[in-house]
Amino acid sequence: MPESTPRTIAVVGTGVAGATAALTLRQEGFDGRILLVGEEPHPPYRRPPLSKDFLKPVLTPERLRLKPPTVWQELGIELRTGTQVTGITDGALECADGNRVPYDRLLLATGGRARALPYTAGHDHVHTLRGLGDVPALRADLDSGGPLLVIGAGLVGLEVAARARSAGLDVTVLEAESEPLRRVLPAPVRRAVLDLHRAHGTQVHTGVAFTGLARRDGMLVATARDGRSWHAHTVLVAAGMRPDIELAARAGPGRG
């Protein structure tokens with residue numbers, strides 16, 4: 001093997017992209033050391049079921065896992081879960097637990113994090129849904145009853161709204177755009193989706209300029225620029241995601 005061929009490739013991020021990259025390296029013949037490092041405590045898993053089945057007790061890491069645990073061992077992929085990488089220096093990963101992990105080549109597959117809204121910070125019973133760790137608290141709040149307010153009518157927001165409505169909860173969805181799902185569906189399908197949610201009793205309000213969230217008389221109250229307001233016991237912020245680029249930014253150029 002040529003001297004330039006890396007002996008250790010580290011992949012940071014155990015989402016589908018990072019896990020698939022590690023699997024592909026091995027399947028395509030790389031016979032060196034492969035490290036797959038992730039911050040979450042669970043082995044790589046599929047995220048789409050989170051917003052579809054979050055109310056079901058059967059939603060467990062075992063049912064969602066991307067591959068059986070034996071696959072990582074059989075392929076010689078060193079899977080390190082629950083490991084936060086805080087920096088990249090001199091060809092090594094600096095981890096929050098104090099460990100330093102050397103590598104020859106590095107792939108950052110850190111994905112994204114749920115987008116937060118400034119007015120929602122610091123409130124109890126306000127949730128995002130990006131990973132398995134977000135499910136228990138959201139489920140517990142909804143088990144105690146509604147109303148549920150969903151901010152954002154994207155795929156995640158509408159799927160959660162549909163599941164909560166099917167469980168008998170009062171559900172309201174607020175969307176900043178004039179129609180939901182404008183970036184992913186053609187207009188006739190968007191309108192059909194909106195009509196379907198409304199036909200099942202979900203209150204969907206579009207063109208909402210969300211301006212604040214406060215607690216009054218034990219309820220969360222969301223307000224809009226035009227003076228409208230909505231009360232809820234639980235709020236889900238489903239305003240999309242932002243790229244998780246902090247580690248790459250700290251590393252600077254030329255670290256891969």
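Per residue, the stretch 1-129 exposes 54 Å² of solvent-accessible protein surface, assessed with a 1.4 angstrom probe and all protein chains in place.
Taking amide hydrogens as placed 1.01 Å from N in the peptide plane, the amide H of ARG33 sits under 5 Å from those of THR8, ILE9, each at least 5 positions away in sequence or on another chain. Packing order of peptides 160-166, 121-127, 175-181, highest average first: 160-166, 175-181, 121-127 (average count of other Cβ atoms within 10 Å over each peptide's residues). Here each label is just a point 7 Å from Cα along the line to Cβ, and for ALA214 and ASP97 those points are 4.6 nm apart. Summary of the geometry: the stretch 65-138 and the stretch 170-234, compared by the centres of their Cα atoms, lie 31 Å apart. Expressed to the nearest 5 percent, the antiparallel share of DSSP beta bridges inside the stretch 170-256 is 75 percent.
Helix 155-166 and the longest principal axis of the C-alpha atoms of the chain enclose an angle of approximately 50°.
With a/c under 1.5 counting as rounded, go ahead and sort the stretch 9-107 into rounded, prolate or oblate using the C-alpha gyration tensor (a ≥ b ≥ c being the square roots of the eigenvalues; past the cut-off, prolate if a/b is larger than b/c, else oblate). Taking the square roots of the gyration eigenvalues as a ≥ b ≥ c, the stretch 9-107 is oblate.
When the residues MET219, MET241 are ordered by accessible surface, computed with a 1.4 Å probe over the protein chains alone, the sequence from largest down reads MET241, MET219. Proximity of backbone amide H atoms, modeled 1.01 Å from N, is registered between MET241 and ARG115 at under 5 Å, excluding neighbours fewer than 5 places apart on the same chain.
Taking the C-alpha atoms only, the angle from helix 187-199 to the longest principal axis of the chain is near 60 degrees. Neighbours of THR14, meaning other residues whose beta-carbon lies under 15 angstrom from its beta-carbon, give a summed charge of +3 when Lys and Arg score +1 and Asp and Glu score -1. The 3J(HN,Hα) values that the Karplus relation (6.51, -1.76, 1.60; θ = phi - 60°) gives for the stretch 90-95 are, in residue order, 6, x, 8, 8, 9, 9 Hz. Gly and Pro appear as x. A Gaussian network model of the chain, with springs between Cα atoms under 10 Å, assigns the largest mean-square fluctuation among GLY168, GLY152, GLY240 to GLY168.
Our analysis of the stretch 103-154 gives Rg over Rh at 1.12, with the two radii drawn from alpha carbon positions and Rh computed by the Kirkwood formula.
Could you work out what % of the accessible surface of the chain is carbon and sulfur, using a 1.4 angstrom probe and leaving DNA, RNA and ligands out of the count? Heavy-atom surface of the chain belonging to carbon and sulfur, 1.4 Å probe: 52 percent. Here the relative contact order of the stretch 1-64, from alpha carbon pairs under 8 Å that lie six or more residues apart, stands at 34 percent. Bridges between two residues of the chain, per DSSP, are antiparallel at a rate of about 45%.
Can you work out D for the chain in µm² s⁻¹ from Stokes-Einstein, where Rh is the Kirkwood radius over C-alpha pairs, the temperature is 20 °C and the viscosity is 1.002 mPa s? So the translational diffusion coefficient is about 105 µm²/s.
Here the dipole of the chain is about 520 debye; that uses its Cα centre as origin and unit charges on the Cβ of Lys and Arg (positive) and Asp and Glu (negative). For helix 16-27, report the angle its Cα long axis makes with the longest principal axis of the Cα atoms of the chain; keep it between 0 and 90° and round to the nearest 10°. In the chain, helix 16-27 runs at an angle near 30 degrees to the longest axis.
The values are calculated or read from the model by the stated rules, or taken from the named source; none is laboratory data. This is a predicted model, so every value here is computed, not measured. Please note: Cβ atoms are built from the backbone with ideal geometry, for glycine as well, and neighbour counts cover all protein chains shown. The accessibility values were calculated without ligands, DNA or RNA, using every heavy atom of the protein model including side chains. Shrake-Rupley method; radii C 1.70, N 1.55, O 1.52, S 1.80 Å.
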